[in-house]
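Here is the structure we will look at, set down as structure tokens.
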Amino acid sequence: MTDHKKRIPTQHIIGFFLSITLTLVAAWAALQSDLSVRWIIIGIMALAIIQAGIQLFMFMHVVEPESQGGHIPWNMMFHGGVLATILVAGSLFTMSFGFSHDHDGDGHNQQEQQEEHSEMEDSTEHSGH
Amino acid sequence: MSSHELKTGPLEYRTEEGRLTILGFWIFLGAEIVLFATLFATYAVLFGRTADAPSPGELFEAKTLMIMTFMLLTSSFTCGIAIHEMRRGSVKGLRNWMIVTLLLGLGFLGFEIYEFIHYAHEGATLQSSAYWSSFFTLAGTHGLHVTLGIGWVTLLLIQLTQRGLTPKTSRKFFVIGLYWHFLDVVWIFIFTSVYLIGMVV
């Protein structure tokens, strides 16, 4: 590695400013902007994923030659991420979608009707998905 | 463990033991992702089920949240600088930047404790509703990891003054560095999907 002798850790400084900026943009989008809730959620989740990438590649040296080009670290993080996505999306899919939480309908037979019903009744619970 | 020690490259990668330990730590981090994913999934499923307790939108404060987030982001940065200094062979740089990291971590923890006490006073505790149970479990598990990290860094700093920079101590610092950055990654997702979404919805 050539940058061991460098006095100024350029990569870290760039990464730091990027993550501060992304955090501010996310906070602004959520708290100040006029975007719809759906777009805010999509937008800030995308920003979070980019920021996680900055941490991994700029701070944690996921792919440096000493760790065999990061073959195993990268695999661990990538598959961890895939599992996390499956866990969260799968849980929401099986536990929340198509059902309202107020137990006043026939449940699974009327999924679509329930969905419409619950969207009108408690939009707060479903807009998070 | 290793019969041959490399003469070049970062100290922490020079022995086979060092390389394998770092590799093992990446596997541990992979498992940590899954651990937090289960807590995030629970939180997502229980979102909105606050029963009679206050809603997150009423309790979350943007100011405290931003201070905590910037503290942890900065601590991740200073931790990166510490490892950078370590690779330049500077014990002093490593120690000083690690102490800064430690203080920022303590500050973060202080704010989190203050926050939790505040919520409890407002009637949102682990027992008050399904939503708040999942919230405190998720944020609390992260806080516990930070606490653990602070203890770990403290012990390593003591070891550094006693033993100096060897392949062993630098491997240990490199590993705690990975751990600390990882905590920041988890916090980014808590910041976004718990706090920001909690305030928007």
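Worth a mention:
- One residue stands out among those in the range B:71-89 that are part of a helix (DSSP H, G or I) and facing chain A (nearest Cβ under 7 Å): the one that is nearest to B:F189 (Cα to Cα), which is B:L73.
- For the range B:110-131, the criterion of being within 27 Å of A:F57 (Cβ to Cβ) and open to solvent by 40 Å² or more (accessible area, probe 1.4 Å) is satisfied by no residue at all.
- Inter-residue pairs, beta-carbon under 7 Å, first aliphatic (A, V, I, L, M) and in the range B:51-66, second surrounded by fewer than 15 Cβ atoms within 10 Å (Cβ to Cβ), 6+ apart: B:A53/B:G123; B:L59/B:E122; B:A62/A:L31
- Selection over the range A:34-71 of residues that are assigned to a loop (DSSP other than H, G, I, E, B) and open to solvent by 20 Å² or more (accessible area, probe 1.4 Å) gives a count of 5.
- Scanning the range B:31-70 for residues that are outside any helix (DSSP H, G or I) and not hydroxyl-bearing (S, T, Y) gives B:F47, B:G48, B:R49, B:A51, B:D52, B:A53, B:P54, B:F60, B:E61.
- Residue check, B:G177 within 13 Å of chain A (Cβ to nearest Cβ) and part of a helix (DSSP H, G or I): yes
- When A:L92 is tested against (1) more than 7 Å from chain B (Cβ to nearest Cβ); (2) surrounded by fewer than 17 Cβ atoms within 10 Å (Cβ to Cβ); (3) farther than 30 Å from B:F173 by Cα, only condition (1) is not met.
The values are calculated or read from the model by the stated rules, or taken from the named source; none is laboratory data. Nothing here was measured: the structure is a model prediction, and the numbers come from that model. Note: ideal-geometry Cβ built from the backbone for every residue, glycine included; neighbour counts use all protein chains shown. We work out accessible area using only protein heavy atoms, side chains counted, and drop any ligands, DNA or RNA first. Shrake-Rupley method; radii C 1.70, N 1.55, O 1.52, S 1.80 Å.
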